[in-house]
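Coordinate-derived values only; no laboratory data. On a predicted model such as this, the values are computed, not experimentally measured, just so you know. For neighbour counting, all protein chains shown are included, and Cβ atoms are generated from backbone atoms with ideal geometry for every residue, glycine included.
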Ligand code: TYD
């Protein structure tokens, strides 16, 4: 990574981390745990999520998760929420030097609206450029699980939203799109097999995150 990229990815010394994976892969249970580890390491931490993270973003989340709409509308709304999130929360927090842990970010859009819904990647790339410029997470933990196993895990959980109600074929496309993202992600991805124990997963993340959250 050249110095310019490094500055773009770690503005103000902040550290932007995202968690990704298909519904049911179990990523969210590790978010608060990682936040606590980072605090123990002396960092100020913001935990947030997408769609959401701001008052307007959370209202948009309600719509995206529950209201029937065209796939293009869905794409525009997740980026509208993301723009608010970046302006109102993420960029200011990174500039203050915080660790920002985001439960889902733009890789979800590539996976769900790109892979799942089949929207053109060029649209997503254009919106990503307009909204984010060069800003990307410095680390992305991708929780990977076969779509049928994830469906079994979801069946045991609460009522399904618009995405969780999709069939296994949809989630197979989402999973494949995530794998493609990890392949072109320039080294920020760590793919985690969600069939491993919680303990094993946490040991891996704890070791992996050390160098990123240590302030020099
Ligand atoms: P999720 O983060 O899994 O929250 P919960 O655990 O409460 O269900 O759900 C958010 C849903 O939004 C998830 O199904 C994926 C979807 N989503 C998109 O389709 N595109 C996006 O860009 C983002 C951020 C999320």
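Does region 45-71 hold any residues that are more than 12 Å from the ligand (Cβ to nearest atom) and touching a helix residue (DSSP H, G or I) at 6+ places or on another chain (Cβ under 8 Å), and which are they?
Matches in region 45-71: 45, 46, 47, 54, 56.
If the condition is being closer than 24 Å to residue 212 by Cβ and assigned to a helix (DSSP H, G or I), then region 128-155 contributes 128, 131, 132. Looking across region 88-111 at every residue that is out of contact with any strand residue (DSSP E or B) (no Cβ under 7 Å at 6 or more places or on another chain) and over 15 Å from residue 140 (Cβ atoms), the one that is surrounded by the fewest Cβ atoms within 10 Å (Cβ to Cβ) is identified as 95. Looking at region 103-112, can you tell me whether even one residue there is in contact with a helix residue (DSSP H, G or I) (Cβ under 9 Å, 6 or more places away or on another chain) and more than 9 Å from the ligand (Cβ to nearest atom)? Scanning region 103-112 turns up no residue that is in contact with a helix residue (DSSP H, G or I) (Cβ under 9 Å, 6 or more places away or on another chain) and more than 9 Å from the ligand (Cβ to nearest atom).
Only residues that are without any contact (Cβ under 8 Å) to a residue 24 or more places away in the chain, in a helix (DSSP H, G or I) and more than 21 Å from residue 118 (Cβ to Cβ) were counted across region 166-209, and they come to 5.
List pairs: first residue in region 64-79 and within 20 Å of residue 160 (Cβ to Cβ), second residue part of a helix (DSSP H, G or I) and more than 8 Å from the ligand (Cβ to nearest atom) anywhere in the structure, Cβ distance under 7 angstrom, at least six positions apart or on different chains. Matching pairs, first to second residue: 64/77; 77/60; 77/63. For residue 80, the criteria (1) within 13 Å of the ligand (Cβ to nearest atom); (2) farther than 27 Å from residue 193 by Cβ; (3) crowded, with 23+ Cβ neighbours inside 10 Å hold in every case but one, which is (3).
For region 167-175, the criterion of being within 29 Å of residue 88 (Cα to Cα) and within 16 Å of the ligand (Cβ to nearest atom) is met by at least one residue.
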